[in-house]
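Trainee: Quick one: this structure, given as structure tokens, is what I'll be asking you about.
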Amino acid sequence: MNFYPCNRHILLDKATKEEKKGEPMVLLPEGYTPSVEEFASYIVVRSSPDCTIDVCAGEIVLVESSMVKEIKFEDEIYTLILENYVFGFFGDERGDWQY
């Protein structure tokens, strides 16, 4: 089943590989949680038709990690962000933008 975002949301896929979690080499205190990066890159899967920024499937965007929402529905996880939390795009150029 496909998911189609609405209300200015963008459906994302992780652009960075997660570290493999194996047996720890160092004992850590109970309750320890590793620090989370403030920003992360994601690949755009699709965007809501009412987005005011022009994002295309396959583009890589930089977003604030704390604003990314992971929603689990019927054994699928959907990663979403509101368009105004996209800081920018990675690539050689964006032809539709003028600087």
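The values are calculated or read from the model by the stated rules, or taken from the named source; none is laboratory data. As the structure is a prediction and not an experimental result, all values here were calculated from the model. Neighbour counts run over all protein chains shown; Cβ positions are idealised from the backbone, glycine included.
Trainee: Filter region 6-47 down to the residues that are touching a helix residue (DSSP H, G or I) at 6+ places or on another chain (Cβ under 8 Å), modelled with pLDDT of 85 or more and either assigned to a loop (DSSP other than H, G, I, E, B) or not polar (S, T, N, Q) (or both) and list them by number.
Mentor: ARG8, HIS9, ILE10, GLU38, PHE39, ALA40
Trainee: Let me ask something else about it. Restricting attention to region 59-75, report how many residues are assigned to a loop (DSSP other than H, G, I, E, B) and loosely packed, with under 10 Cβ neighbours inside 10 Å.
Mentor: 2
Trainee: Just give me the residues in region 71-89 being without any contact (Cβ under 8 Å) to a residue 40 or more places away in the chain and not hydrophobic (A, V, I, L, M, F, W, C), in sequence order.
Mentor: Matches in region 71-89: LYS72, ASP75, TYR85, GLY88.
Trainee: Okay, next question. Among the residues of region 48-68, is there at least one that is modelled with pLDDT of 90 or more, more than 15 Å from the chain's Cα centre (by Cα) and charged (D, E, K, R)?
Mentor: Checked against the condition, which is being modelled with pLDDT of 90 or more, more than 15 Å from the chain's Cα centre (by Cα) and charged (D, E, K, R), region 48-68 yields at least one hit.
Trainee: Moving on to the next point. Could you tell me how many of the residues in region 24-58 are surrounded by 10 or more Cβ atoms within 10 Å (Cβ to Cβ) and β-branched (Val, Ile, Thr)?
Mentor: 5
Trainee: Counting only residues that are surrounded by fewer than 17 Cβ atoms within 10 Å (Cβ to Cβ) and part of a strand (DSSP E or B), how many does region 80-89 have?
Mentor: Going through region 80-89 one residue at a time, the tally reaches 2.
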